[in-house]
Amino acid sequence: APALALDERAQSATPRGPFRDEVREAASVFGWMARALKRREERLLAQMRLSDVLAGTLDVHRLAAAALREVVTHIGAEVGAIYLRDADTAALHRLASFGLNGVPPGAADGIPRQAAADRRTYVVRDIPPDTPFTVKLGLDAVPPRCVAASPMITRGEVLGVLVLGSVRDLPDAAVDFAQHAAAVIAVGLDNAGAHARIRELVRELQVKNEELQAQNEEVQRQNEELQAQSEELQAQSEELHAQGEELQQQNEELQGQSDRLHAQRADLEQRNRELARAERQKNDFLAILSHELRNPLAAIVTSLHLVDGQADAGVARRAWEVIRRQTNQLARIVDDLLDMTRISVGKIDLQRRPVDISPIVEGAVESARVALRARGHELIVKPAPEPIVVEADPARLEQVLGNLLDNAAKYTEPGGRIIVTVAREDEAAVIRVRDTGIGIEPDMLPQVFEMFSQADGSLARTRGGLGLGLSLVRKLVELHGGRVEARSDGPGRGSEFVVRLPAGGALLPPEPEPAPLPATGRLRILIIEDNADIAEPLAVLLARWGHEVRAERNPHRGLRAALTPPPFDLVLLDIGLPELDGYAVARQLRQDLGTRTRLVAFTGYGGPEDRQRAREAGFDELITKPLEIDVLEQLLARLSPATEG
């Protein structure tokens, strides 16, 4: 039955015959997409509410209780608990609970303790009510049907465990949300604990200051008494003089202690200011991220409503173009966030080799040309007269230029001009991107490469974006041993960004292309993907294109299917599979099948280091989620050239 059923009036208005079946099929696909987007929107809203809860209080107990209530409510569980781990004994003590009225708090054992020890999530499903064993969760009065325990890890340490129980089976999406929530709650609890420790230090300093003040007053009183005694007892002046010197030394020591305490207090106040600034930056970033995610989602949801039941093919096509464009925008936001995360933790791996810079510039220009033409910009490219060799990662260098072109297009009014110049200056390769846009205020020039910095800081945010593009540019250029600078003569006078990279080296011979598959228009394709919402529509699409398709959600069944004759021409393989990841499946297939079957990684991780790891595991190519139809078409065109005649 179709996922989206039409009512009688819609059926009477629907054309009959084959076209009616196509309409139903389109409605089914659009219905699935609407539900998937609805689930994604609900998750994003739940994550935002959880972030609001964590930002709303610094009290550990209130924070834990509110966060737990939010998680339990979102995933539809009946009970839940948050346990804190004792750093000395490793025992887990209950900090907050939901749905456990009457259950005495105690140390957790069993699955929560195992999740903390192994630093991984455990899920126990289908627990029968008459099972001969008990699951020791500290929840003795609750017989759950399904139990999930996720460790709360922050700064490399296990802070505690988030435990959820339900009389129904928890879906994978709920477990995934629980894992995300455990990580976020760990950060919130860690911040709250740090804040409590700082307040205790401040209180102790205040007490010490008061004690020192009392001691100073006592010393002053003693000095006055000694002065009176010296006037009355002249004969004892030498002894009193010695006592005075001793007291003076004590006073100096006390003054030194007071100075050190003042310095410590000043240091703590500075740390408080830094924490407050970090909190403001976090809140600003969350606000920007919410804005940037809600805009594409709003456009997608509106377009889906427009397409639903729409008979006008032109309107439906324009709505579909909006959905595709906004989905690509969401993917780019996620990519920028992942790149900044990799760079900030030092986990980005550049695949540097000697390359001619001109083809890289041409590739970036071609990728941006459609968007620039859509905005009515004139693009002028001035290539170098001869090859310029640099030691660089081609994909990351193209990303640098792409971000600069996107920035120029974003801040240039329609009909403007963008000029890209490539030249060699002394021992450096120099790329200049000049535009006739809105320009940059002089006081903004030093800040344009900072994270979340934008020339348009108003609430309108007409330019869009997270403010990460130029920050990524600077970090990637610096990782290549180069530098980048921004120039502008002021508002309304355009801007110029100049990238300088060390030049030199000899080009390596090109890598050989893999041999094409036999010329046939129909392929046997195997999809191994545990997410049914991804696998099923992809299988339908490939079958519609005339291919023989099989989909498996379990990696072990997928491996057996791939090794069962006749062989498949192409295997689309997800990386993040349960029990056995995609890299292990690929290595096994390469060992048993050799190179006769093409392996394509299908994953949400698309960085250069991910592509390198995929090649090492035996994959021929890697395509990223969300799937772009034109990328899939190009892949199949390369692997399956059409026969003639």
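Bear in mind that the values in this text are calculations on the coordinates, not laboratory data. Quick caveat: nothing in here was measured; it's all calculated off a predicted structure. Virtual Cβ from ideal backbone geometry, glycine too; neighbours counted across all protein chains shown.
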May I ask you to order 396-405, 435-444 by the average number of other C-beta atoms within 10 Å around their residues, highest value first? 396-405, 435-444
Near the amide H of Ala429, under 5 Å away, which other amide H atoms are found, from residues 5 or more places off or on another chain, if H is placed in the peptide plane? Leu501, Ala503
Is the shape of segment 193-246 best called rounded, prolate or oblate, per the rule: a/c under 1.5 gives rounded, else a/b larger than b/c gives prolate, else oblate, with a ≥ b ≥ c the square roots of the Cα gyration tensor eigenvalues? prolate
Fewest-first sequence of Phe449, Phe619 by Cβ atoms within 10 Å of each Cβ: Phe449, Phe619
Residue by residue through segment 570-578, the couplings from Karplus 6.51 cos²θ - 1.76 cosθ + 1.60 with θ = phi - 60°, in Hz, x for Gly and Pro, are 9, 10, 8, 10, 6, 7, x, 8, x
Between Ala551 and residues 5 or more places away or on another chain, the pairs with built amide H atoms under 5 Å apart involve Ile527
Starting with the highest mean, order 380-388, 252-260 by the number of other Cβ atoms within 10 Å, averaged over the residues of each peptide. 380-388, 252-260
Whole-Hz Karplus ³J(HN,Hα) for segment 374-385, in order, using 6.51 cos²θ - 1.76 cosθ + 1.60 and θ = phi - 60°, x for Gly and Pro? 5, 8, x, 7, 8, 10, 10, 10, 10, x, 6, x
Burial ordering of Thr73, Thr412, fewest other beta-carbon atoms within 10 Å first: Thr73, Thr412
Given backbone amide H placed at 1.01 Å from N, residues whose amide H is under 5 Å from that of Glu441, ignoring those fewer than 5 places away on the same chain, are none
Between His180 and Leu212, what's the calculated FRET efficiency when r is the beta-carbon distance and R0 is 35 Å? Round to 0.05. 0.10
For segment 524-639, convex hull of alpha carbons as volume per residue, Å³: 94
Please sort 164-171, 55-62, 195-202, 424-431 by packing, taking for each peptide the average over its residues of neighbouring beta carbons within 10 angstrom, highest first. 164-171, 424-431, 55-62, 195-202
Diffing segment 589-597: the Karplus 3J(HN,Hα) column from phi (6.51, -1.76, 1.60, θ = phi - 60°), in whole Hz with x for Gly and Pro, holds 5, 5, 5, 8, 10, x, 10, 6, 10
In nanometres, what is the gap between the two model label sites at Glu362 and Ile198, each 7 Å from Cα along Cα-to-Cβ? 5.5
